[in-house]
Every structure is written in C-alpha cells, then in structure tokens.
1. Check Pro65 against each of (1) part of a strand (DSSP E or B); (2) within 12 Å of the ligand (Cβ to nearest atom) and name the one condition it does not meet.
2. Here are some conditions: (1) of a type in the set (D, E, K, R); (2) in contact with a helix residue (DSSP H, G or I) (Cβ under 6 Å, 6 or more places away or on another chain); (3) free of Cβ contacts under 8 Å to residues at least 40 places away in the same chain. Asp170 meets all but one. Which one does it not meet?
3. For region 244-272, enumerate the residues that are polar (S, T, N, Q), within 16 Å of the ligand (Cβ to nearest atom) and either surrounded by fewer than 16 Cβ atoms within 10 Å (Cβ to Cβ) or farther than 16 Å from Gln31 by Cα (or both).
4. Those residues that are within 8 Å of the ligand (Cβ to nearest atom) and more than 20 Å from Leu107 (Cα to Cα), I need them from region 191-200; list them, please.
5. Is region 198-220 home to any residue that is closer than 23 Å to Leu242 by Cβ, at pLDDT below 95 and of a type in the set (A, V, I, L, M)?
6. With the requirement that a residue be outside any strand (DSSP E or B), closer than 14 Å to Ala60 by Cα and more than 14 Å from the ligand (Cβ to nearest atom), what does region 73-112 give you?
7. Report the residue count in region 130-146 for those that are within 13 Å of the ligand (Cβ to nearest atom) and under 21 Å from Arg171 (Cα atoms).
8. Could you identify the single residue in Asp217, Asp187, Asp181 that is within 16 Å of the ligand (Cβ to nearest atom), within 21 Å of the chain's Cα centre (by Cα) and among the charged types (D, E, K, R)?
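The values are calculated or read from the model by the stated rules, or taken from the named source; none is laboratory data. The structure displayed is predicted, hence computed values, not measured ones. Heads up, the Cβs are rebuilt from the backbone with ideal geometry, glycines too, and the neighbour counts pull from every protein chain shown.
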Amino acid sequence: MSADHYVVIGNPIAHSKSPAIHARFAELTGQQVDYQRLLAPLDGFAQAVHDFIAQGGKGANVTLPFKLDAFALATELSERARIAGAVNTLKFEHGHIYGDNTDGIGLVADIVRNAGVNLHGKRLLLLGAGGAARGALLPLLQEEPASLTIANRTLAKAQDLQQQASSLSDRCELQACRFEDLQQPFDVIINATSASINDDVPQLAAIVFGKTTLAYDMMYAAAPTAFLRLAASHGAQCRDGLGMLVEQAAEAFALWRGVRPPSTPVLTEMRAALQASL
Ligand code: NDP
C-alpha cells in the first residue's frame, strides 16, 4: 500500500521538527504516512494548499505565519479552531477543507498527562494574549480551573481575551491585567508571550511564583528560556513547550489517521536530540 501524503506548511520551515515527530508516530503505529516540509510564499498560502490537494495530499499542519490564512481557507472548523480564530491542522476529505487547532489541547495534555499537574480548581496565570494564548483558552477552561488571570503588555488584548473567556465559562473567575499588576501567587503560570524568542521575559513580581508553582513556557530551546530561568530562581517547577509540540502533533495525527500515537517515547527522543544539540 502506498503512503498518504501530509506536509507542514510555513515560512520559514526548514527548522520544523514536525516531519521527525510524524515519522516516528507512523513507525510506532504502523501507518503508511509520508510527511514533508512545504515552504509557501508569504502571499501564496492558499495556492500552495490547493496545489497540494490536487497532488492527492490528505492533510497539513500549519505554522507561522499562516495560521490565520488556514482559518480563512477552511470550509469547516472545529469548535476549538473557531474559538482560537486560528488553524494549525488541516484535513482534506471529500472536497472539504476541515480546520482544527490542536495547540491548546496539546498544551493541556502536556501539563495534565505528562507533567502530572491537574488544572481542576487551580489558579492559572496566562501571560500573553496573542494567537497561542487564544488557542489555549478553551482547552484550559475545559479543565475547570478556579481562576484564570490573563496578563498582557497591551492590556486591551488581555481584556478582549477575558471577554471571550467569560462567554465560555460561567464558573471560572476571570481577570485581565498588566504584568505589573500581578501581586499574588499562582498554581500554574503559562508563558504564551513571544518574549522568550529574544531571551526576554515579562516583568513579574517574585510573589507570583511559589515552590509548587508550575512555570510553563510554550517556547522550547536547548537551554532554559529567560522566563524559566526567572521561575527557577524563585523555586518554581519548570517545563518548556517541547511536550506541547509533540502533543499537538499527536492530536493532529489522531485526527488524520484515527489512531492515537504513543507520545511519551517520542517526547523522550526529541528531548534527547534537543539536549544533544547544546
Ligand atoms: P503572537 O505574536 O500572536 O503573540 C505574542 C504575544 O507576546 C503578545 O501577547 C505580545 O504582547 C507578547 N509579547 C511579545 N514580546 C513581548 C515582550 N518583549 N514582553 C512581553 N510580552 C511580549 O505569538 P504566538 O501567540 O503565536 O506565540 C507565542 C509563543 O508561543 C511563541 O514563543 C511561540 O513559539 C510559542 N508557541 C509554541 C507552540 C508549541 O507547540 N510549543 C505552539 C504555538 C506557539 P502584545 O499584545 O502587547 O504585543
């Protein structure tokens, strides 16, 4: 039987770890899958997708800067993609383009299953109000935390997200603020800002971190990010976003293939490869 074809589409795309992750998922589940990188021109996302469909492509992951283009292109959307306003997974079937967003559910799976931290009844702090934060909103609220505070450099964006969250949950206590307004401890702090890319970190008072606080950076790198270094200096438990990457991929694979791949061995291998690159 010949393999079904999938791609990850982005610009740039050479750095993407998704082909390695999906190749391992295919091996571990015995699925016939061919998964490649596809560099689309910045103004040519839709054409690249249609060309891939015409060649028989079955699905695609979508990364920067095309998640909003993928949202616009989809002819059907999952609820979480509609709420996120962004799509990172496309499935092509019967002439339809189905759009999903698996980033947020990948984040929650990594925190709850892999890190073993239950979010039910917890005080959560979400730093940032961009695409990744928006994608995390519904999956986080579905865990029924006691409270969710959204802090962002631009307050209005945090308030927009709070507004959206209030339409999704009537039990969770919601707040929006600036980083400097945070003066209480949290159980889980998720850094969804892109500050880490420049080895920067939002200004946070020491009180937000406790000894049992889980500090989670959606970004991953061989060495700890500035946010994780800050959190560790205040005694918090630290975790980066590599598990989120593997879990969002596992969710996409399950959507495409109807088989859930084992993510734990793949995360262990990806971690070892990342450490080896130091
Ligand atoms: P966006 O550009 O949509 O949002 C960026 C956010 O970061 C905004 O809230 C912005 O604030 C804030 N920000 C940027 N620079 C700073 C700074 N210097 N100080 C404080 N806040 C800052 O990015 P995304 O939401 O798409 O991505 C956010 C992060 O999540 C990235 O690091 C990305 O790599 C990571 N990610 C990881 C994934 C994984 O699988 N592990 C998946 C998806 C994303 P403002 O509104 O004021 O501009």
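1. Failing condition for Pro65: (1).
2. That leaves (2) as the condition not met.
3. The answer is Gln248, and nothing else.
4. Result: Asn198, Asp200.
5. Looking through region 198-220, none of the residues is closer than 23 Å to Leu242 by Cβ, at pLDDT below 95 and of a type in the set (A, V, I, L, M).
6. Scanning region 73-112 gives Leu73, Ala74.
7. The number of residues fulfilling the criteria is 6.
8. Asp217 is the lone residue from the list that is within 16 Å of the ligand (Cβ to nearest atom), within 21 Å of the chain's Cα centre (by Cα) and among the charged types (D, E, K, R).
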